[in-house]
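Take a look at the structure below.
The values are calculated or read from the model by the stated rules, or taken from the named source; none is laboratory data. The model shown is predicted, which means the values in this text are computed figures rather than measured ones. Note that each Cβ is placed from the backbone with ideal geometry, even for glycine, and that neighbours are counted across all protein chains shown.
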Amino acid sequence: MPEQWPRALLRAALIEVGYDAIGTRALSGVSRYLTPAPDRGPVRALVVDVAAVAAAEHETVEDVCHRRGDVPVLLLASAVTRTPSGCWTHTLRRPFSIDDVVRTVTDVAPLPRV
């Protein structure tokens with residue numbers, strides 16, 4: 001399966017339940033989304049794959065951790081390898097489903113009632 005498909009499926013599932021889900025291929029792109037934008041609501045949660053952490057420089061992980069404020073960070077981690085250091089507030093270990101990720105996001109960052 002091409003690498004972007006799981007991200008696209010997760011974004012679609014989050015959009016389906018009401019989130020304005022956006023994505024980036026690299027952890028370095030997260031900083032761009034943490035900056036408030038006039039046409040978007042606040043970031044309520046970050047979902048980070050362990051592969052993005054492994055590919056990032058240490059300074060990039062520190063920057064995301066510093067800039068996230070009180071936004072929960074869900075790490076999608078390997079079942080067998082050590083969890084990398086970072087500001088992860090929640091960790092899901094493989095195997096998990098897209099529904100498991102969506103359920104965790106809705107638990108840690110519920111949408112406001114309208």
Do we have any residue at all in the stretch 30-45 that's in contact (Cβ under 8 Å) with a residue 40 or more places away in the chain, on the phi < 0 side of the Ramachandran plot and surrounded by 14 or more Cβ atoms within 10 Å (Cβ to Cβ)?
-> yes
Scanning the stretch 83-114 residue by residue, those among the hydroxyl-bearing types (Ser, Thr, Tyr) and either assigned to a loop (DSSP other than H, G, I, E, B) or without any contact (Cβ under 8 Å) to a residue 24 or more places away in the chain (or both) turn out to be Thr83, Ser85, Thr89, Thr91, Ser97
Go through the stretch 65-78 and give me each residue that's within 22 Å of Gln4 (Cβ to Cβ) and modelled with pLDDT under 95.
-> Ser78
Name the residues in the stretch 52-77 that are surrounded by fewer than 13 Cβ atoms within 10 Å (Cβ to Cβ) and under 23 Å from Ala8 (Cα atoms), would you?
-> Ala54
